[in-house]
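What follows is one structure encoded as structure tokens, with my remarks underneath.
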Amino acid sequence: MHRLIQLNTIDDIPEGMRNTPVEDLIRFHNWGHPHEEYTKAVMLVGMCMDNRKLLRVPDSFAFIIRTGGANLRYSEFKVSFAIAVGGVKHIVLMGHNKCGMVNLASNRESFIDGLVKIAGWERPQAEEHFMHYAPLFEIGNEIDFVIQETERIQKRYPQIQVHTMYYNVDENKLYALQRD
């Protein structure tokens, strides 16, 4: 089970996120607080590649890895770099509503047709591409996936604080996502 927590006031921020760069992320994005100047990243954000999402944060505030569905399975070296070389101690994984990586099978024909018409692929090549990669990138339910991915990353990097958030693309707002 999970629950979305609206972040309208400081009191709405879950205790584990307070006084951390995650609180700053919420202040910058949801509430439009003035941006401080940063000379190095203080956190890593893993979020979807979806073009409807744009975080309102200062330059140099965060490393941001954008992948379909916020799936970091194939980006772990980049996560390790942000921690080991960049020195970040906080990670936010951010799912969102209306994610295209949910129910990829429903987009099979438009995906294949798009590769044929737009990219100039042959149909069999486009079909093979979809059939090979869609199972790797299908995330099922976006909330369940981002919670599972958060738990996986937390186990992989036990001394790093890993938080789960949710981006509502209709409202352009961040929500905390409480895991049970």
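Taking each DSSP H run with n ≥ 4 as -39500 (n - 2.57) and averaging over every residue of the chain yields -10500 deg cm²/dmol at 222 nm. With unit charges on the beta carbon (Lys/Arg positive, Asp/Glu negative), name the residue among Val116, Leu136, Ile64 whose Cα is farthest towards the positive pole of the charge dipole of the chain. Farthest along the dipole direction, towards plus: Ile64. Scalar couplings 3J(HN,Hα) for segment 32-41, obtained by applying the Karplus form with A = 6.51, B = -1.76, C = 1.60 to θ = phi - 60°, are x, 4, x, 7, 7, 8, 10, 9, 8, 5 Hz; x denotes Gly and Pro. Roughly speaking, to the nearest percent, how much of the chain's 1.4 Å accessible area is carbon and sulfur? Carbon-and-sulfur percentage of accessible area, whole number: 53.
Charged neighbours of Asp24, selected by a Cβ distance under 11 Å, balance to 0 (K, R count +1; D, E count -1).
In a simple Cβ point-charge model (Lys, Arg +1; Asp, Glu -1; nothing else charged), the chain has a dipole of about 280 debye relative to its Cα centre. For the residue pairs Lys53/Lys155; Lys40/Lys155; Lys40/Lys117, alpha carbon separations beyond 31 Å are given by Lys40/Lys117. Summing Lys and Arg as +1 and Asp and Glu as -1 over all other residues whose Cβ lies under 10 Å from the Cβ of Met101 gives a net charge of -3.
What is the gain in length, in nm to one decimal, between Trp121 and Lys40 on full extension, counting 0.36 nm per residue of separation less the C-alpha to C-alpha distance? Extending this stretch completely gives an extra 25.0 nm.
On full extension, the segment bounded by His129 and Val169 gains 11.5 nm, given 0.36 nm per residue less the C-alpha separation. Solvent exposure of segment 1-122 amounts to 55 Å² per residue of accessible area, where only protein heavy atoms count and the probe is 1.4 Å.
The values are calculated or read from the model by the stated rules, or taken from the named source; none is laboratory data. Since the model is a prediction, treat every value here as computed from it, not as a measurement. When we count neighbours, we look across all protein chains shown, and the Cβ atoms used for this are built from the backbone with ideal geometry, even at glycine. Just so you know, the surface numbers come from the protein's heavy atoms only, side chains and all, with ligands and any DNA or RNA stripped out. Shrake-Rupley method; radii C 1.70, N 1.55, O 1.52, S 1.80 Å.
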